[in-house]
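Novice: A single structure is presented below for examination.
The values are calculated or read from the model by the stated rules, or taken from the named source; none is laboratory data. These numbers come from a predicted model, not from an experiment. Cβ: placed from backbone, ideal geometry, glycine included. Neighbour counts: every protein chain shown.
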Amino acid sequence: MTLFGMPTLIKVAKLKQLVDEPGEDRKVHHRSVPTIGGVMIFISVFFNVLFWVGFVDAEASFNFNAQPLTMACLVLIFFTGLKDDIIGMSPSKKLMVHLFIGIALTTISQYRIESFGGLFGINELPEMLSIGFSIFVYIVIVNAWNLIDGLDGLAAGFTVIAMSAFTFWFLSVGAQAEALLSIATGGTMLAFLVFNFAPARIFMGDCGSLFVGVIGYVLATSVMSTPTEAIPDHLLLVSKEVLVMGILAFPLVDTLRVFILRAARGISPFHPDRNHLHHRLMMRFGTHRKTVFVVYGYSIFMIALAFSTPLLRGVLPVEILFSGLLIIASGVFYPTLRRTKMDYHRSLAAETIPVEGQKKKTSTKDAELKREALA
């Protein structure tokens, strides 16, 4: 569906001028590109899930009764993202939608983190703490998926890898409904990658990245709530918490890093800049393709590490494995961050900054002179 429908969507988007124009310093593309690829992603995932769900054994699912509400929440987040792509939407209104969906998924659908499985001595969480923490995790995961959609093929390729890992887990534990959702999403994104890989012919936009982010949260919490009796022997020693962190390592490390750095600078965590990991990798490797292949390799490596924890489970406690994986996930990028530090500071200096004591922005001529001086 995606392969055959996307060319038509691209034509319509160009005719209706639903494109992203280059211009901002933080943007890495230099041409007009349609931004509503999420429309076809939404259609394809929805059609396949609704078509094939009739063949799914309801008993072979962790939370089959929650599927209708989950699909309703996906409709809401899709149209929220679509509105933001076409005419814009205030952050406060988007936050209200996120809170509504987060509350619905964590309370009615029961997609929440109820236990840490003994990690750091934490087992069952009190209900209210579980709901509050799960809503926070939901907002982090969905926005993390949205924030990595900054290079051609980056978010789409990462989604294919993450959904492949989720699919392997759910097929292994016999969760048919969850496997159907991950397969439909992964297959759709694989086809979308044909049009989104560098040079991209279309972007997924917020309607696509937020939509996939909600699916990522639903599947991640489903992994963590997998009953022990459903896990086969060869996966029994895999820490579910470590596995989820390994699958979502790249967007989580990137989002937490930039949020902490922005807070330290006294600016909004949602203030856009060129300090994301994919921006810094782009500064080092120079092209979209090299950068996204590095991220693909990193994601596969982290997932492989998470699945290989049974080899060390008998030697090291799970707390050490979790902390070690987190240190590796963050430390891998340290050489790149150090190497591109000067390039990043030059990009900051090249931005149009208001003169002290004035509210007006620097004129275009002044900005050009500033860039020439820096060059």
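Novice: Here are the criteria: (1) free of Cβ contacts under 8 Å to residues at least 24 places away in the same chain; (2) over 30 Å from LEU151 (Cα atoms); (3) aliphatic (A, V, I, L, M). Tell me which single one ALA66 does not satisfy.
Specialist: (1)
Novice: Just the residues that are in contact (Cβ under 8 Å) with a residue 24 or more places away in the chain, out of contact with any helix residue (DSSP H, G or I) (no Cβ under 6 Å at 6 or more places or on another chain) and not in a helix (DSSP H, G or I), please, taken from segment 276-313.
Specialist: Answer for segment 276-313, where residues must be in contact (Cβ under 8 Å) with a residue 24 or more places away in the chain, out of contact with any helix residue (DSSP H, G or I) (no Cβ under 6 Å at 6 or more places or on another chain) and not in a helix (DSSP H, G or I): just THR287.
Novice: Now, a different point. Name the residue that is surrounded by the fewest Cβ atoms within 10 Å (Cβ to Cβ), counting only residues in segment 111-142 that are assigned to a loop (DSSP other than H, G, I, E, B) and in contact (Cβ under 8 Å) with a residue 60 or more places away in the chain.
Specialist: Ranking the candidates gives GLY118 first.
Novice: Here is a follow-up. Considering each of SER182, SER209 in turn, give the residue that is in a helix (DSSP H, G or I) and in contact with an Asp or Glu (Cβ under 6 Å, 6 or more places away or on another chain).
Specialist: Sole residue among the options that is in a helix (DSSP H, G or I) and in contact with an Asp or Glu (Cβ under 6 Å, 6 or more places away or on another chain): SER209.
Novice: Looking at segment 143-154, is at least one residue assigned to a helix (DSSP H, G or I) and either charged (D, E, K, R) or closer than 21 Å to PHE47 by Cβ (or both)?
Specialist: no
Every residue, every condition in (1) of a type in the set (A, V, I, L, M); (2) part of a helix (DSSP H, G or I); (3) touching a helix residue (DSSP H, G or I) at 6+ places or on another chain (Cβ under 8 Å), yes or no:
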| position | (1), (2), (3) |
| --- | --- |
| GLN17 | no, no, no |
| VAL49 | yes, yes, yes |
| ASP57 | no, no, yes |
| SER61 | no, no, yes |
| MET71 | yes, yes, yes |
| LYS83 | no, yes, no |
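Novice: Follow-up question, since we're still on this one. Of the residues THR340, THR309, only one is at pLDDT 80 or above, out of contact with any Asp or Glu (no Cβ under 7 Å at 6 or more places or on another chain), over 30 Å from LYS240 (Cβ atoms) and surrounded by 12 or more Cβ atoms within 10 Å (Cβ to Cβ); which?
Specialist: THR340
Novice: To continue, here is another question. If you scan segment 221-238, which residues turn out to be in a helix (DSSP H, G or I) and either surrounded by fewer than 24 Cβ atoms within 10 Å (Cβ to Cβ) or touching an Asp or Glu at 6+ places or on another chain (Cβ under 8 Å) (or both)?
Specialist: Residues satisfying the conditions are SER222, VAL223, MET224, THR228, GLU229, ALA230, ASP233, HIS234, LEU235.
Novice: Take the conditions part of a helix (DSSP H, G or I) and among the hydrophobic types (A, V, I, L, M, F, W, C) and apply them to LEU256. Does it pass?
Specialist: Numbers: part of a helix (DSSP H, G or I): yes; among the hydrophobic types (A, V, I, L, M, F, W, C): yes.
In short, yes.
Novice: Scan segment 202-221 and tell me whether some residue there is touching a helix residue (DSSP H, G or I) at 6+ places or on another chain (Cβ under 9 Å), closer than 23 Å to HIS288 by Cα, among the polar types (S, T, N, Q) and at pLDDT 95 or above.
Specialist: Checked against the condition, which is being touching a helix residue (DSSP H, G or I) at 6+ places or on another chain (Cβ under 9 Å), closer than 23 Å to HIS288 by Cα, among the polar types (S, T, N, Q) and at pLDDT 95 or above, segment 202-221 yields at least one hit.
Novice: If you take the residues in segment 239-287 that are touching a His at 6+ places or on another chain (Cβ under 7 Å) and surrounded by fewer than 22 Cβ atoms within 10 Å (Cβ to Cβ), which one is modelled with the lowest pLDDT? Please lay out each step first, then the result.
Specialist: Here is the first cut: in segment 239-287, the residues touching a His at 6+ places or on another chain (Cβ under 7 Å) are 254, 258, 262.
Filter once more, so that each one left must be surrounded by fewer than 22 Cβ atoms within 10 Å (Cβ to Cβ): 258, 262.
Working: VAL258: 89, ARG262: 84.
Looking at the filtered set, the residue picked out is ARG262.
Novice: Counting only residues that are in contact (Cβ under 8 Å) with a residue 40 or more places away in the chain, farther than 26 Å from SER225 by Cα and touching a helix residue (DSSP H, G or I) at 6+ places or on another chain (Cβ under 7 Å), how many does segment 158-201 have?
Specialist: Residues meeting the conditions: 8.
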